[in-house]
Amino acid sequence: MTDRAERAAPVDRPERAAPVGRASPVERASPDGRAEQAGGLDGPAGQLLRRGTVIPAHPLALDAGRRLDERHQRALTRYYLDCGAGGLAVGVHTTQFAIREHGLYRAVLELAAEEIAHGTAGRPFVRVAGVAGPVRQAVAEARCARELGYDAVLVSPGGLPHLSTARLLERSAAIGEVLPVIGFYLQEAVGGRLLPRDYWRGLADLPSTVAVKAAPFDRYRTLELVQGVAESDRGQEVALYTGNDDNIAADLLTPYHVQGPCGPTVRHFVGGLLGHWAVWTRSAVRLLRDAHAAREGDGAARQRVLARLAGDTAANAAVFDVRGGFAGVIAGVHEVLRGQGLLAGTWCLDPGEGLSPGQAAEIDRVRASCPWLEEEDAFIADALPRWLA
């Protein structure tokens, strides 16, 4: 393991949380030296986030000894940049929450930040860091992300079943004093919990909330999230991102007719922050481009998105190991990337975590049945030597 892998995020006393509904703006230095307010996300990155973009969840590259593999970690980031992704989420579920106990949190964020700085000259890009745990830990991780130039934090509710929704909102307000917040509805199968409409309205009320990721894998709960955000007085300032890997195309096409503070309104998911988009990412960029065009009335683009709905859902079922109850969700992502040469293996930090029986064969079957997925292999094969250099 390298020296950088030993430098975990500092754990120190968080700032006092602002009252729920009012986040105290805190100045921070952006990568270009400009002072910003932590209460919101302005500039090109903020505009891109609100417009909608592809934000893959970044996996973790390990060697056979389950140590950080910097070469393949950098290659993955370069792949996402060259695919045309508009952002990256690092330190999230797909990166494996266990990076924290292995002392890898800062190292992984730092590697991605370095590659993003080198590979995004002249175009906006949204740098998202995942934060988790009790308020003290989450605030410390947000500070680490701020030091490394990240724009916002994806706030995981996982592992905190004892906290009331009011306490979760107080936690988000405290984190929002450091960096803008992206709320996260995490599905219960991987550690999430039920979060009612009032919670999402309260989260949208916080000035530091810039977006929410809906990933409950449940249509009723997704609708409740949209309704809650729309009911907030500042709901229009909060971008909606799908994290429902099982229903990406439908989320991107659906107009959500809901009630806002001034009456009926229509909300859309403008982009995706997805573990599924960690694979076949260039295909995801094309999908979102078509979804945006379809919303503007392009009938042919709409048909292209609909033509992918069933195939993309089947691909996600294989990659996320739905048959195995999501036991191989991380290893499935790794298997796709291993087959393309972007990872050396499917190793996870937990030795007990791996592919389920038959999962690799199912991934191969679905990939062969979806031409838009196979097309990506040639693109990767051509650029792989450069990404691994």
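The values are calculated or read from the model by the stated rules, or taken from the named source; none is laboratory data. As the structure is a computational prediction, the values presented were derived from the model and not from experiment. Note: ideal-geometry Cβ built from the backbone for every residue, glycine included; neighbour counts use all protein chains shown. The accessibility values were calculated without ligands, DNA or RNA, using every heavy atom of the protein model including side chains. Shrake-Rupley method; radii C 1.70, N 1.55, O 1.52, S 1.80 Å.
Which percentage, to the nearest 5, of the DSSP beta bridges contained in region 177-274 is antiparallel? Don't skip to the end; give the middle numbers.
Working: 5 of 18 bridges.
The antiparallel fraction comes to roughly 30 percent.
Please work out how much accessible surface Ser208 shows to a 1.4 Å probe, ignoring ligands, DNA and RNA, in Å² rounded to 10.
Estimated to the nearest 10 Å², Ser208 gives 0 Å².
For Glu114 and Gln259, what is the calculated FRET efficiency with R₀ set at 56 Å and r taken between the beta-carbons, to the nearest 0.05?
Values: r = 45 Å, r/R0 = 0.81.
It comes to 0.80.
Treat every Asp and Glu Cβ in region 305-361 as -1 and every Lys and Arg Cβ as +1, leave all other atoms uncharged, and give the resulting dipole magnitude about the Cα centre to the nearest 20 debye. Spell out each step's value before the answer.
Values: 3 positive and 5 negative charges, 35 e Å.
In debye, rounded to 20, region 305-361 gives about 160.
Using all Cα-Cα distances in region 196-341, what percent lands in each 10 angstrom bin from 0 up to the longest?
12, 38, 32, 17, 2, 0
Between region 95-149 and region 238-314, how many Å separate their Cα centres?
If you average the Cα positions of each part, the centres end up 26 Å apart.
Once you list every other residue whose beta carbon is under 12 Å from the beta carbon of Ala293, what net charge do they have if Lys and Arg are +1 and Asp and Glu are -1? Walk me through the numbers before you get to the answer.
Values: positive: Arg286, Arg289, Arg295, Arg302, Arg304; negative: Asp290, Glu296, Asp298.
Combined, the nearby Lys, Arg, Asp and Glu give +2.
Pop out the carbon and sulfur fraction of the accessible area of the chain as a percent, whole number, probe 1.4 Å. If you can, show how the numbers build up before the last one.
On the way: 7560 of 14780 Å².
Of the solvent-accessible surface of the chain, carbon and sulfur hold 51 percent.
Kindly provide log₁₀ I(q)/I(0) values, in the same order as q = 0.09 Å⁻¹, from the Debye equation applied to equal alpha-carbon scatterers of the chain.
For the chain at q = 0.09 Å⁻¹, log10 I(q)/I(0) is -0.47.
By how many nm would the segment from Arg323 to Arg234 lengthen if fully extended, with 0.36 nm per residue of separation less the alpha-carbon distance? The partial results should precede the final answer.
Numbers: separation 89, 0.36 × 89 = 32.04 nm, distance 4.01 nm.
Between Arg323 and Arg234, full extension yields 28.0 nm more.
Which residues does a label at Ala98 reach in region 331-373, if reach means a backbone N under 16 Å from a point 7 Å past the Cα toward the Cβ?
Of the residues in region 331-373, 331-335, 345-356 have backbone N under 16 Å from the label point off Ala98.
Could you please tell me the mean projected area of the C-alpha convex hull for region 206-277, averaged over all directions and given in square nanometres to one decimal?
Working: hull surface 18.0 nm².
Projected over every direction and averaged, the Cα hull of region 206-277 covers 4.5 nm².
Taking the Cα centre of region 107-217 as origin, work out the dipole magnitude from +1 charges on Lys and Arg Cβ and -1 charges on Asp and Glu Cβ, in debye rounded to 20. Each step should come with its number before you reach the end.
Details: 11 positive and 11 negative charges, 58 e Å.
Charge dipole of region 107-217: 280 debye, to the nearest 20.
Under a point spin-label approximation (7 Å from Cα along Cα-to-Cβ), what is the Asp63-Ala344 distance to one decimal in nm?
0.5 nm
Pop a pseudo-label 7 angstrom from the Cα along the beta-carbon direction at both Glu296 and Asp82 and give the gap in nm to one decimal.
2.8 nm
Kirkwood hydrodynamic radius (Cα pairs, Å) of region 248-297? Working shown, then result.
Working: mean 1/r = 0.0828 Å⁻¹.
By the Kirkwood definition, the hydrodynamic radius is 12.1 Å.
If R₀ is 30 angstrom, what is the calculated FRET efficiency for the pair Leu306 and Ala166, using the beta carbon separation as r and rounding to 0.05? Walk me through the numbers on the way to the answer.
On the way: r = 41 Å, r/R0 = 1.37.
Calculated value: 0.15.
Going toward the positive end of the dipole of region 175-323, with +1 on Lys and Arg Cβ and -1 on Asp and Glu Cβ, which of Ala189, Leu225, Gly299 do you reach last?
Gly299
For region 327-389, just list the percent of Cα-Cα distances falling in each 10 Å bin from zero outward, please.
21, 47, 28, 4
Identify, among His58, Gly119, Ser156, the residue whose Cα sits farthest towards the positive end of the charge dipole of region 43-160, taking +1 on the Cβ of Lys and Arg and -1 on the Cβ of Asp and Glu, with the dipole about the Cα centre.
Selected residue: Ser156.
For region 115-254, with equal point scatterers placed on the C-alpha atoms only and solvent neglected, what are the log10 I(q)/I(0) values from the Debye formula at q = 0.12, 0.17, 0.18, 0.22 1/Å, to two decimals?
So the normalised log intensities work out to -0.47, -0.92, -1.03, -1.41.
Can you give the local net charge around Gln236? Use residues other than it whose beta-carbon is closer than 12 angstrom to its beta-carbon, Lys and Arg +1, Asp and Glu -1. Present the calculation step by step, with values, prior to reporting the outcome.
Details: positive: Arg50, Arg234, Arg267; negative: Glu231, Asp233, Glu237.
That works out to 0.
Need one number: the % of Cα-Cα pairs in region 74-175 sitting beyond the 16 Å mark.
Details: 2874 of 5151 pairs.
Here the long-distance tail beyond 16 Å is 56 percent of all Cα pairs in region 74-175.
Once you list every other residue whose beta carbon is under 15 Å from the beta carbon of Pro351, what net charge do they have if Lys and Arg are +1 and Asp and Glu are -1? All intermediate terms of the calculation are to be shown ahead of the outcome.
Values: positive: Arg66, Arg67; negative: Asp63, Glu101, Asp350, Glu353.
Its environment carries a net charge of -2.
How much area per residue is accessible in the chain when the probe is 1.4 Å and only protein heavy atoms are counted (Å²)?
It amounts to 38 Å² per residue over the chain.
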